[in-house]
Amino acid sequence: MKHFVNLSDISSEQLTDIIESAKELKASEYKHQSFARGKVLALLFFDPSLRTQSSFQVAAWQLGANVSVMQSGVNTWHIEHLPNAVMDGIAQEHIKDVMQVLGGYADAIGIRRFGFGGINDQPFFDAFFAEAQQFAPIPLINLESSVSHPCQSLADRLTWEEVHPNVEKRTIVLRWAPHPKPLPRAVPQSFVDMGVRSGQHVKVVCPPEFRFSPKYDAYFEQTAEEFGGSFCYTTDIPEDAHVIYVKSWHSLFHPENPHKDQELRHDYLGWTVNEKHLEASPEARLMHCLPVRRNVVATDAALDHSRSVIYQQAENRLHAQKALLNHIWSSF
Ligand code: CP
């Protein structure tokens, strides 16, 4: 694997290897302490982060690597990405120069830049990441784009394997939730992608206006068929759910400006997940990628429920990303 921008960048064998390696690393935290001694991981953020930033820093340190963290427009330049841009605005540096310069210092580059793009493009295409990848002389890791968050999905899969180790075909439910702001579709789309690529039964419960685009639906159906799982929308969380993954995302009603769907989201304020949803699905574990707006997205009682695994899931970011870095630096 050279780059990890989307889950389709790795084969299902590589995915299994990374998850198994994450389990081993979790069981013996310092096993690969010196594996990456002398390596440097550059992290470039256009958007805020707690888990992604800190878990990648700790992952690299525990492997013996060093980390350089940059925030565009804060401690480094504002960065342009459009090809042939006339840079007479706020941006002082182009991503093609950034990638080639950092390629001379570091051994991998992680970038976070999300937002609301990609709705009319082919599934999982992000124009910024396409441009960055084109000029990346070293592995590029997606720390969340406008369309996908594959590192989160590695931790999600590790978590659902841990909480239901003896179930091969799990019923994993993605449940939309309210939020005061329109949120990107990266996490929910990657969650479904990971589910269908892992041969699971993925069910999405959301208001009709919040369904994925027809292109994504077709992609998920086709991928599910390829990997022996299934993908569908349902009206309620099924009683046999193994996982209830709570997440908010924006509607496609105003693709040019998702902030306009405020009124629409107001109609669904009653969709907050509560402990009754967990009680109705006795095997289900509650997952959320965090950060979460308590008592809006899900109640305290749900998030603090004995079957909530949100902190296990957050910790698994560390183990999954150590395994990913190990994999990338072993094969590059
Ligand atoms: N889940 C996640 O990516 O968290 P951060 O936004 O804090 O990195």
Segment 39-55 residues that are over 22 Å from GLN312 (Cα atoms) and free of Cβ contacts under 8 Å to residues at least 24 places away in the same chain, paired with ones that are among the charged types (D, E, K, R) and more than 8 Å from the ligand (Cβ to nearest atom) (beta carbon under 9 Å, 6 or more apart): none
Picking from ARG175, ARG157, which residue would you name as being within 24 Å of ARG293 (Cβ to Cβ) and open to solvent by 10 Å² or more (accessible area, probe 1.4 Å)? ARG175
So, GLU263, is that one surrounded by fewer than 17 Cβ atoms within 10 Å (Cβ to Cβ), out of contact with any Ser or Thr (no Cβ under 9 Å at 6 or more places or on another chain) and farther than 23 Å from PRO208 by Cβ or not? no
Does segment 11-33 contain any residue that is in contact with a strand residue (DSSP E or B) (Cβ under 8 Å, 6 or more places away or on another chain) and more than 16 Å from the ligand (Cβ to nearest atom)? no
Unmet criterion (only one of (1) in contact with an Asp or Glu (Cβ under 8 Å, 6 or more places away or on another chain); (2) open to solvent by 10 Å² or more (accessible area, probe 1.4 Å); (3) at pLDDT 95 or above) for PHE220: (2)
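The values are calculated or read from the model by the stated rules, or taken from the named source; none is laboratory data. Everything numeric here is computed off the predicted structure, so don't read it as measured data. In this analysis, Cβ positions are derived from the backbone assuming ideal geometry, glycine residues included, and neighbour counts consider all displayed protein chains. Heads up: the accessible areas ignore ligands, DNA and RNA and are worked out on the full protein's heavy atoms, side chains in. Shrake-Rupley method; radii C 1.70, N 1.55, O 1.52, S 1.80 Å.
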